[in-house]
Amino acid sequence: MSVSLETRKFNIIEQLVGIQDEAVIFQIENLVQDNPGDWWDDLTEAQQASIHRGVQQLDEGKSMDYQEFISKYKTKEG
């Protein structure tokens, strides 16, 4: 026998009441918002600049195959 949807929602509400971690509450708020907004706006300027640099490098053909990347940098860990 499966648990009803209403019972499942009530169980979630009970769990929410006990959450004290602000980061978890923030994530739940973002999850249930009707319009979560544009995640890009939540990035810092440095993060946005880093993404722009990465896109520019890809546009310029400066990319590397995943396996090539792993083999190149795996040898540097040693």
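At a glance:
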item	result
Residue ranges of helices (runs of 4 or more DSSP H) in segment 1-68 with at least 2 members at pLDDT 90 or above	5-18, 22-32, 45-59
Cβ-Cβ under 9 Å pairs, at least 6 apart or on other chains, segment 53-66 side free of Cβ contacts under 8 Å to residues at least 24 places away in the same chain, far side surrounded by 10 or more Cβ atoms within 10 Å (Cβ to Cβ) and hydroxyl-bearing (Ser, Thr, Tyr)	GLN57/SER63
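The values are calculated or read from the model by the stated rules, or taken from the named source; none is laboratory data. Remember, it's a predicted structure, so these values are computed and weren't measured experimentally. Here the Cβ is made from the backbone with ideal geometry for all residues, glycine too, and neighbour counts use every protein chain on show.
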